[in-house]
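Participant: Following this message is one structure expressed as structure tokens.
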Amino acid sequence: MAILCISFYKRRRKAVYQALYRKWRSRTFDEIVGQNNITSVLKKQTAEDRVSHAYLFCGTRGTGKTSSAKILAKAVNCEKPSNGNPCNDCYCCRSIDNATATDVLEIDAASNNRVADVRELIDEVVYPPSILKKRVYIIDEVHMLSDSAFNALLKTLEEPPEYVLFILATTELNQLPPTIISRCMRFDFKRIEPEILTGLLREITNKENIGINDDALQLISRLADGSARDAISLLDACSSGRGENDTLTLEQIQSQLGITNNDTIISLFGAIADKNVPQALLLIGQVHKSSKDLSVFMVDLIAFVRDLLIAKSLPSERERYLHERFFFSASAAGMLNGLLEAFTTEMLLYYSSVLEESLNSMGRFTVNKKTFFELTVIKLCDLSLSENPKALLARISELEKKLTEGSPSPRKTEPKITPLPNPPLIKEKKEAEERQLAAFPEILEELKPQADIYSLVRMTRMYEKDDSVIVYGDKFVLSILNQNNNIKMLESAVKSATGKAYTITFKEKSGICEDNTLLIDEITV
Ligand SMILES: [Zn+2]
């Protein structure tokens with residue numbers, strides 16, 4: 001999710017970055033959000049004229065480091081500072097703002113990291129500022145300097161002339177030599193709380209006349225992951241295509257950023273809890289239609305199951321955790337609590353393993369993702385479809401749960417969960433005059449152009465008896481193959497491969513099949 005957002009943000013960056021983020025860049029310490037403990041110290045120091053000679057601002061991107069550095073540069077030079085804040089109106093403030101002040105130098109260490117660059121800078125340090133009170137060096141991404149460049153800087157940092165102020169900023173404190181860190185007054189900028197970002201965004205949308213509802217703003221704030229810059233840029237990107245009187249909704253933002261609506265995920269798991277296969281398939285159809293990438297959706301489902309697991313293990317914190325993690329409508333909230341009750345931990349662990357396995361296979365298969373997704377969900381709806389030990393555990397825990405709840409009437413689908421009939425193993429089939437169909441490889445070859453069918457048929461075994469070909473396979477595989485068009489395709493492939501017109505019948509491979517491991521190996525090749 002986050003990757004999608006960042007790439008979206010990057011794509012839009014050129015068009016919108018200049019607009020809202022530049023416009024709303026903080027210009028005083030009081031306007032910096034979420035870093036009160038830092039800005040209050042800086043304000044006090046400038047107000048009392050007790051500014052240090054070197055500062056180190058560290059923290060993740062977009063948390064206010066560069067803005068604070070610029071404000072500090074203005075505050076120490078301002079002609080009419082107020083309570084430690086720059087006035088933003090005097091000649092000094094304006095010249096720093098429009099980057100014409102020759103005494104304030106901003107250096108991007110990422111592109112000026114050589115020792116020669118630092119020497120050039122140090123050579124100038126000996127001259128007093130030409131116009132302003134202090135010459136300020138703002139070195140951004142300072143961790144990018146080479147070792148020799150750091151060494152060159154070190155001596156000046158130790159004993160700079162009193163008219164010089166160094167402000168170093170970095171996102172990677174661990175890459176700085178300790179000697180540099182120890183010579184600076186260090187401030188750690190923390191990630192900004194989502195609630196604070198929401199407040200900031202609300203202020204901007206009010207002033208910019210951007211219609212957007214609270215849920216949508218909260219989503220943007222959380223996606224920004226503590227960065228005010230990302231939050232404003234995302235808001236800008238999301239609102240740029242909107243009509244003048246439109247109000248942006250949570251759904252619109254989710255669809256723009258390619259994020260699954262949690263209501264859909266919750267409904268899907270509701271259908272899985274009810275073992276309602278048609279409803280689950282319908283929901284997948286909707287997601288597919290919305291042109292969302294199904295692999296991404298699968299990742300969202302895995303994350304959701306993980307969150308349910310965590311929520312289950314945190315009974316006292318559950319409410320808060322769910323609120324922080326999910327965006328959903330009020331109706332979905334009730335359903336979510338129902339899900340937590342309906343699923344046992346074992347069931348959730350099983351869901352998670354099936355989903356992860358499917359995600360892996362999805363990446364390797366050329367098979368139609370939608371078909372594969374449908375098979376996975378059918379598997380999730382009916383625990384009896386898998387002989388995997390985790391599924392058995394999940395089934396046992398589901399039955400135990402029903403017993404402790406004293407549920408007298410089993411679900412309609414209960415027969416699927418009751419012990420399976422004596423497993424008709426493949427060995428038995430051989431005895432009953434069924435012969436393995438020798439032309440199976442040729443049939444597969446015939447089907448290769450139909451990638452979906454091909455990969456499903458690979459999961460089956462074919463036997464012949466009289467004039468019919470019996471296809472053995474898992475219930476969920478057969479349910480797809482046993483559809484008119486697919487049967488025709490199979491018949492024609494069998495005919496081409498064997499030269500004989502067989503009728504096709506399907507038999508469920510139940511019980512613990514000796515070929516099971518073999519089949520799984522093949523699937524995951
Ligand atoms: Zn000023």
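Participant: Can you work out which of the residues in the stretch 42-63 that are on the phi < 0 side of the Ramachandran plot and without any contact (Cβ under 8 Å) to a residue 40 or more places away in the chain is most open to solvent (accessible area, probe 1.4 Å)?
Facilitator: Result: 50.
Participant: How many residues, within the stretch 438-453, are over 41 Å from the mean Cα position of the chain (by Cα) and not hydrophobic (A, V, I, L, M, F, W, C)?
Facilitator: 2
Participant: Now for a separate question. Only one of (1) surrounded by 17 or more Cβ atoms within 10 Å (Cβ to Cβ); (2) more than 16 Å from the ligand (Cβ to nearest atom); (3) without any contact (Cβ under 8 Å) to a residue 60 or more places away in the chain fails for residue 158. Which number is that?
Facilitator: With respect to (1) surrounded by 17 or more Cβ atoms within 10 Å (Cβ to Cβ); (2) more than 16 Å from the ligand (Cβ to nearest atom); (3) without any contact (Cβ under 8 Å) to a residue 60 or more places away in the chain, residue 158 is out only on (1).
Participant: Next up: Step by step: first the residues of the stretch 292-302, then only those that are free of Cβ contacts under 8 Å to residues at least 60 places away in the same chain and under 14 Å from residue 266 (Cα atoms), then the one that is least open to solvent (accessible area, probe 1.4 Å). Which residue is that?
Facilitator: Looking at residues that are free of Cβ contacts under 8 Å to residues at least 60 places away in the same chain and under 14 Å from residue 266 (Cα atoms), I get 301.
Participant: OK, next. Considering the stretch 219-247 alone, what residues qualify as being under 25 Å from residue 65 (Cβ atoms) and at pLDDT below 85?
Facilitator: 222, 223, 224, 225
Participant: While we're on this one: Name the single residue, out of those in the stretch 99-116 being open to solvent by 30 Å² or more (accessible area, probe 1.4 Å) and not aliphatic (A, V, I, L, M), that is nearest to the ligand (Cβ to nearest atom).
Facilitator: Per the stated criteria, the residue is 100.
Participant: If you scan the stretch 222-242, which residues turn out to be touching a Gly at 6+ places or on another chain (Cβ under 9 Å) and of a type outside the set (A, V, I, L, M)?
Facilitator: Correct list: 225, 226, 227, 229, 230, 233, 239, 242.
Participant: Can I ask one more? Checking the conditions here, which among 83, 88 is touching a residue at least 40 places away in the same chain (Cβ under 8 Å), farther than 28 Å from residue 224 by Cα, more than 12 Å from the ligand (Cβ to nearest atom) and open to solvent by 20 Å² or more (accessible area, probe 1.4 Å)?
Facilitator: 83
Participant: Also, I was wondering about something else. Listed residues 192, 220, 196, 180; which is touching a Cys at 6+ places or on another chain (Cβ under 8 Å) and either buried (at least 18 other Cβ atoms within 10 Å of the Cβ) or farther than 20 Å from residue 19 by Cα (or both)?
Facilitator: Only one candidate passes the filter, namely 220.
Participant: Residue by residue through the stretch 223-257, note down the ones that are outside any strand (DSSP E or B), in contact with a strand residue (DSSP E or B) (Cβ under 7 Å, 6 or more places away or on another chain) and open to solvent by less than 30 Å² (accessible area, probe 1.4 Å).
Facilitator: 238, 239, listed by residue number.
Participant: Within the stretch 64-80, take every residue that is within 12 Å of the ligand (Cβ to nearest atom) and of a type in the set (Val, Ile, Thr) and give me the one that is most open to solvent (accessible area, probe 1.4 Å).
Facilitator: For the stretch 64-80, the residue satisfying everything is 76.
Participant: Any idea which of (1) open to solvent by less than 40 Å² (accessible area, probe 1.4 Å); (2) more than 16 Å from the ligand (Cβ to nearest atom) is the one residue 147 doesn't satisfy?
Facilitator: If we test residue 147 against (1) open to solvent by less than 40 Å² (accessible area, probe 1.4 Å); (2) more than 16 Å from the ligand (Cβ to nearest atom), just (1) comes out false.
Participant: Same structure again: From the list 96, 122, which residue is touching a helix residue (DSSP H, G or I) at 6+ places or on another chain (Cβ under 6 Å), part of a helix (DSSP H, G or I) and more than 16 Å from the ligand (Cβ to nearest atom)?
Facilitator: Among 96, 122, only 122 is touching a helix residue (DSSP H, G or I) at 6+ places or on another chain (Cβ under 6 Å), part of a helix (DSSP H, G or I) and more than 16 Å from the ligand (Cβ to nearest atom).
Participant: Considering only residues of the stretch 92-114 that are closer than 9 Å to residue 144 by Cα and either small (Gly, Ala, Ser) or not assigned by TED's automatic domain parsing to the domain that holds residue 139 (or both), which is nearest to the chain's Cα centre (by Cα)?
Facilitator: 110
Participant: Does any residue in the stretch 262-278 that is closer than 22 Å to residue 479 by Cβ and open to solvent by 30 Å² or more (accessible area, probe 1.4 Å) come within less than 8 Å, Cβ to Cβ, of a residue that is of a type outside the set (Gly, Ala, Ser) and in a loop (DSSP other than H, G, I, E, B) six or more places away or on a different chain, and which pairs are these?
Facilitator: So the pair list comes out as 277/382.
The values are calculated or read from the model by the stated rules, or taken from the named source; none is laboratory data. Note that this is a predicted model, so its numbers are computed, not measured. Note: ideal-geometry Cβ built from the backbone for every residue, glycine included; neighbour counts use all protein chains shown. Keep in mind that these areas ignore ligands, DNA and RNA; they rest on the heavy atoms of the full protein, side chains included. Shrake-Rupley method; radii C 1.70, N 1.55, O 1.52, S 1.80 Å.
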